[in-house]
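No value in this document is a laboratory result; all are computed from the given coordinates. A quick note: this is a predicted structure, and the numbers were derived from the prediction, not measured. Neighbour counts run over all protein chains shown; Cβ positions are idealised from the backbone, glycine included.
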Amino acid sequence: MNENLVIKSIKFVLKEFIFDVLAFPLWWYGLGAQKTFGKAKHFMINAIEELGVDIWLKNLFVPMYGQTDWQGRLISFVMRFFQLIGRSLIALFWLILALLFFIFWLLLPLFVIGEIFFNLSLFNL
């Protein structure tokens, strides 16, 4: 009876292990990639909201401090224009960072498998 329980336990563990190994790529490139992309998208939305790019764009032609003369409008436009450019460049940097993170997510298992094969000397490079 003990041997039977041991054999059943070994079979159960091997089945679960094999199932997990086979199901891992499906999860990683399916639901896992979808969740990671969602997190990267949420990160970008938060970055744009914190930088206030949409607010600066909406108020680009609104004079600052209520100065409606042409000098006040010109200074307000130039100031907001340069603020918008700077904030957009920062948002672009965060977008590139988020995309690089997502690409890293997709390539990580391939890199790990390649390193395992390389360290086992299966590739003679």
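Mind checking which helices in the chain clear 15 Å along their axis (Cα) and have mean Kyte-Doolittle hydropathy of 1.0 or more, DSSP H runs only? The answer, listed by residue number, is 70-119. Estimated purely from DSSP H runs of n ≥ 4, each contributing -39500 (n - 2.57), the mean residue ellipticity at 222 nm for the chain is -28500 deg cm²/dmol once divided by its residues.
In nm, what is the difference between 0.36 nm times the number of residues separating Glu50 and Leu89 and their Cα-Cα distance?
That pair, Glu50 and Leu89, stretches by 12.7 nm at full extension.
As a proxy for reagent exposure, Trp70, Trp27 were ordered by neighbouring Cβ count within 10 angstrom, fewest first; the result is Trp70, Trp27.
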